[in-house]
Amino acid sequence: MSLGNNGAGKTTILNAVAGLIRSASGSMRFLNKEITRLPAYEIVRLGLSLVREGGKPFTEMTVHENLLMGAYAPVPWKRKEETVKRVEAFFPLLKQRAQQLARTLSGGERQMLGMGRSLMSTPTLCMFDEPSYGLAPIMVKKLFKYIQALKEQGITILVVEQNIRHALDVADRAYVLENGRIVLEGKSSELIENDHIQKVYLGL
Ligand SMILES: Nc1ncnc2c1ncn2[C@@H]1O[C@H](COP(=O)(O)OP(=O)(O)OP(=O)(O)O)[C@@H](O)[C@H]1O
Ligand SMILES: [Mg+2]
């Protein structure tokens with residue numbers, strides 16, 4: 001899990017890892033493979049997917065079509081029907097709304113669609129950029145349950161969150177970013193006891 005104030009550089013880092021923007025320096029490896037210069041579509045094929053802020057659906061496509069877009073690579077495409085079934089079992093709402101245009105979804109529903117679309121690429125590492133943003137407290141609870149369930153299915157999850165208490169509850173490790181750099185990292189159970197975290201992020 002990654003924490004940090006507004007403008008700390010969290011989204012920028014995720015976008016750089018996913019290949020949506022080029023990093024000016026440094027290098028990135030994923031599963032022992034150099035990915036620094038790879039385009040986004042090749043990074044997804046390696047099993048690394050990003051759910052961007054707000055889920056970013058294709059607004060003029062239906063929910064079902066959005067899900068299929070997530071499988072748009074040779075290997076996931078062959079298994080797309082079976083993966084859709086699994087994703088719809090996980091998020092029943094996406095089945096109920098399969099034929100609805102994505103632009104008509106609420107914020108929470110878009111977030112679910114974003115997660116569902118990401119799962120369609122059968123990722124091994126899933127990154128979520130502020131998945132709880134704009135959600136009602138009850139939805140936030142539900143969302144973290146989903147994240148926990150994905151983790152139990154063996155998918156590695158990296159979540160950027162302002163909702164620190166919830167995030168520290170589900171995460172094994174946490175990283176605190178300030179000005180684009182990691183200033184603090186460790187086990188969530190230890191960070192929750194940390195003075196700096198308590199003062200700056202939990203307001204205790
Ligand atoms: N293309 C760009 N040109 C200039 N500045 C940029 C650009 N993209 C991002 N920034 C700046 O870089 C900083 C980090 O932005 P980023 O979106 O990564 O922050 P963040 O940690 O995700 O913040 P938030 O919690 O508000 O989403 C911000 O000050 C932002 O204004
Ligand atoms: Mg951001």
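The values are calculated or read from the model by the stated rules, or taken from the named source; none is laboratory data. None of these values were measured; they are calculated from a predicted model. Virtual Cβ from ideal backbone geometry, glycine too; neighbours counted across all protein chains shown.
One table, with the values for the structure above:
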{"item": "Leading residue by the ranking (modelled with the lowest pLDDT) among those in the stretch 6-19 that are surrounded by 14 or more Cβ atoms within 10 Å (Cβ to Cβ) and more than 22 Å from I155 (Cα to Cα)", "result": "A8"}
{"item": "Which listed residue is within 16 Å of ligand 2 (Cβ to nearest atom) and at pLDDT below 85, from G107, G134, G114", "result": "G134"}
{"item": "Residue under evaluation C126, criteria (1) crowded, with 20+ Cβ neighbours inside 10 Å; (2) within 16 Å of ligand 1 (Cβ to nearest atom); (3) not hydroxyl-bearing (S, T, Y); (4) not in a helix (DSSP H, G or I), criterion not met", "result": "(2)"}
{"item": "Residues that are in contact with a helix residue (DSSP H, G or I) (Cβ under 8 Å, 6 or more places away or on another chain), in a helix (DSSP H, G or I) and more than 13 Å from ligand 1 (Cβ to nearest atom), drawn from the stretch 143-166", "result": "L143, F144, Y146, I147, Q148, A149, L150, K151, H166"}
{"item": "Residues that are within 30 Å of K78 (Cα to Cα), among the β-branched types (V, I, T) and surrounded by 15 or more Cβ atoms within 10 Å (Cβ to Cβ), drawn from the stretch 129-172", "result": "I147, I155, I157, V159"}
{"item": "Residue among L94, L67 that is in contact with an Asp or Glu (Cβ under 6 Å, 6 or more places away or on another chain) and either closer than 18 Å to L150 by Cβ or in a loop (DSSP other than H, G, I, E, B) (or both)", "result": "L94"}
{"item": "Qualifying residues in the stretch 17-32 (those that are under 16 Å from V51 (Cβ atoms) and within 16 Å of ligand 2 (Cβ to nearest atom)) - the one farthest from the chain's Cα centre (by Cα)", "result": "L20"}
{"item": "Search result, residues across the stretch 71-102 that are hydrophobic (A, V, I, L, M, F, W, C), under 22 Å from E42 (Cα atoms) and either free of Cβ contacts under 8 Å to residues at least 24 places away in the same chain or crowded, with 20+ Cβ neighbours inside 10 Å (or both)", "result": "A71, W77, V84"}
{"item": "Selection status of E42, within 16 Å of ligand 2 (Cβ to nearest atom), under 19 Å from the mean Cα position of the chain (by Cα) and acidic (D, E)", "result": "no"}
{"item": "Odd one out for I35 among (1) within 30 Å of E178 (Cα to Cα); (2) more than 16 Å from ligand 1 (Cβ to nearest atom); (3) loosely packed, with under 15 Cβ neighbours inside 10 Å; (4) under 20 Å from the mean Cα position of the chain (by Cα)", "result": "(3)"}
{"item": "Unique residue being part of a strand (DSSP E or B), modelled with pLDDT under 90 and within 16 Å of ligand 2 (Cβ to nearest atom) when the list is L3, L50", "result": "L3"}
{"item": "Matching residues in the stretch 83-129 - criterion: being out of contact with any Ser or Thr (no Cβ under 8 Å at 6 or more places or on another chain) and charged (D, E, K, R)", "result": "K85, R86, E88, K95, R97, E109, R110, R117"}
{"item": "Members of the stretch 103-117 found to be surrounded by fewer than 24 Cβ atoms within 10 Å (Cβ to Cβ) and more than 16 Å from F144 (Cα to Cα), listed by number", "result": "R103, T104, L105, S106"}
{"item": "Qualifying positions in the stretch 47-66 - crowded, with 18+ Cβ neighbours inside 10 Å, among the small types (G, A, S) and farther than 12 Å from M120 by Cα", "result": "G55"}
